[in-house]
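Here is the structure we will look at, set down as structure tokens.
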Amino acid sequence: WKSILQKDDGSCFLCSILHGDQSRKEVEKHHIFGGNRWRSISEKNGFYVNLCLEHHRTGSEAVHDSKRSGEMKQILFEACEKKYLETNSLESWMQLMGKSWI
């Protein structure tokens, strides 16, 4: 499956949108909506992005293990929902996810 938010070009999604850095990095696949219920929905619908190690697990802006994880996750949730709504209805989103983040 392909991400609906970015090409698999080795760049970090958050580096790109937060800092304008689109350079190639060591990246990891991040499911925007995780956990048992959401991971399969993310996988099936392309709701994932590539994140550098700092934005994924280790840095001050990491989506996991960070004081700012809620803020970073919200950025990803909103970006994903907005992209989905470019080609699908809000009703379709609500049926799939049950909640809006925008």
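General remarks:
- Residue list for region 72-86, filter: open to solvent by 40 Å² or more (accessible area, probe 1.4 Å) and within 16 Å of residue 45 (Cα to Cα): 78, 82, 83, 85, 86
- Taking residues in region 43-57 that are closer than 16 Å to residue 85 by Cα, and partners anywhere that are surrounded by fewer than 16 Cβ atoms within 10 Å (Cβ to Cβ), the pairs with Cβ atoms closer than 6 Å and at least 6 places apart or on different chains are 46/1; 46/2; 48/29.
- When residue 89 is tested against the conditions (1) open to solvent by less than 30 Å² (accessible area, probe 1.4 Å); (2) modelled with pLDDT of 95 or more, the lone failure is (1).
- Residue selected from region 49-66 under the condition open to solvent by 30 Å² or more (accessible area, probe 1.4 Å) and of a type outside the set (Val, Ile, Thr), by the criterion nearest to residue 34 (Cα to Cα): 64
- Yes/no for residue 69 being more than 23 Å from residue 7 (Cβ to Cβ), open to solvent by less than 80 Å² (accessible area, probe 1.4 Å) and modelled with pLDDT of 95 or more: no
The values are calculated or read from the model by the stated rules, or taken from the named source; none is laboratory data. Remember, predicted model here, so these are calculated numbers, not experimental data. Please note: Cβ atoms are built from the backbone with ideal geometry, for glycine as well, and neighbour counts cover all protein chains shown. Areas reflect the complete protein model, heavy atoms only, side chains present, ligands, DNA and RNA absent. Shrake-Rupley method; radii C 1.70, N 1.55, O 1.52, S 1.80 Å.
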